[in-house]
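Encoded as structure tokens, the structure appears first; notes follow it.
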């Protein structure tokens, strides 16, 4: 089973509560059986290449239960329904051949050599990912091309914290309508699982299926972690050990001329060594016009000990 949204970030815990309490399937799935071949090769210390080949057979799936702790007289939302449309998520091309090649690039990467192997230590240069995908629908004999690019850069400001900048872009080239599975999605992350400082390409104010894009999608994210430099100056509050975060994100697509969101939050929330909670206030904009705001609760992917 696979999620329609390619980021596949809906946790089983979140989906369990959403299903049992609200009869809403947050986890939108389809059946996917496949054969896969992978190959990886380091061209040099700064460039790693990946090649993958797939044969895929996929199909839509239906709800198998109507059980819930609450709202027993309410019918479950179907697996094809989202908050943005009815019967939207349906597999239309069952059999697919797909091949992709991907390059991970970080110029001037340094390595640590030991008798047990080589560890790549990275460098101060941006991380670049380039990917090209060829897809061929066996039934209709139609094909598509997909190009993906991402650039991320971490910047340390010493005592003033650290910043993370991420830019991603995707382009689809197809002469015929593509299957909904193969189109472009955003990393909508209402219940956030953070993995900073490695990744920040999520949107806290929009759902997983707010954007289903058939042509192109450009996103940008800027986040700064102040490392507690402001809260540490407030008596009493400084004992909590919290850190401050501010971030700004946005996107442009063929259907959206500009969506943005601003969030301000606190991380490192918890007690003792168990400091893996985070709380953000998120304000959404459309073409820089103010929209609704939300509170978002998140969990860090890795356990923090102190700061």
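Throughout, read-outs are computed from the coordinates displayed, never taken from laboratory work. Remember, predicted model here, so these are calculated numbers, not experimental data. We place every Cβ from the backbone using ideal geometry, glycine too, and count neighbours over all the protein chains shown.
Ordered by packing density, taken as the mean number of other Cβ atoms within 10 Å over each peptide's residues, highest first, how do 172-185, 239-252 rank?
239-252, 172-185
So what is the relative contact order for the stretch 2-300, in percent, with contacts set as C-alpha pairs under 8 Å and at least six apart?
Result for the stretch 2-300 is 11 percent.
Among [x] 20.8; [y] 19.7; [z] 17.8, find the value of mean projected area of the Cα convex hull in nm² that was calculated from the structure presented, and write down its label.
Correct label, based on the coordinates given: [y].
If I build a Gaussian network model for the chain, linking alpha-carbon pairs within less than 10 angstrom, which residue out of 169, 265, 236 has the largest mean-square fluctuation?
Comparing 169, 265, 236 in a Gaussian network model of the chain, the most mobile one is 236.
How many nm is it between the label spots at residue 286 and residue 40, if each spot is 7 Å from the Cα in line with the beta carbon?
The two pseudo-label positions are separated by 4.2 nm.
How much length would be gained if the chain were fully extended between residue 121 and residue 94, taking 0.36 nm per residue of separation minus their Cα-Cα distance, in nm to one decimal?
Taking 0.36 nm per residue and subtracting the Cα distance, the gain is 5.5 nm.
Over what distance in Å are the Cα centres of the stretch 236-262 and the stretch 104-132 separated?
The two parts, judged by their Cα centres, are 29 Å apart.
With label points built 7 Å along Cα→Cβ from the Cα atoms of residue 264 and residue 112, find their separation and express it in nm.
Taking the two extended label points, one gets 3.9 nm.
For the chain, what does the helix formula give at 222 nm: sum of -39500 (n - 2.57) over DSSP H segments with n ≥ 4, over the residue count, nearest 500 deg cm²/dmol?
-1000 deg cm²/dmol
Can you work out the FRET efficiency for the pair residue 153 and residue 216, with r the C-beta to C-beta distance and R0 = 22 Å, to the nearest 0.05?
It comes to 0.45.
Which FRET efficiency value, to the nearest 0.05, do you get for residue 294 and residue 130 by plugging their Cβ-Cβ distance into 1/(1 + (r/R0)^6) with R0 = 45 Å?
For residue 294 and residue 130, the calculated efficiency is 0.85.
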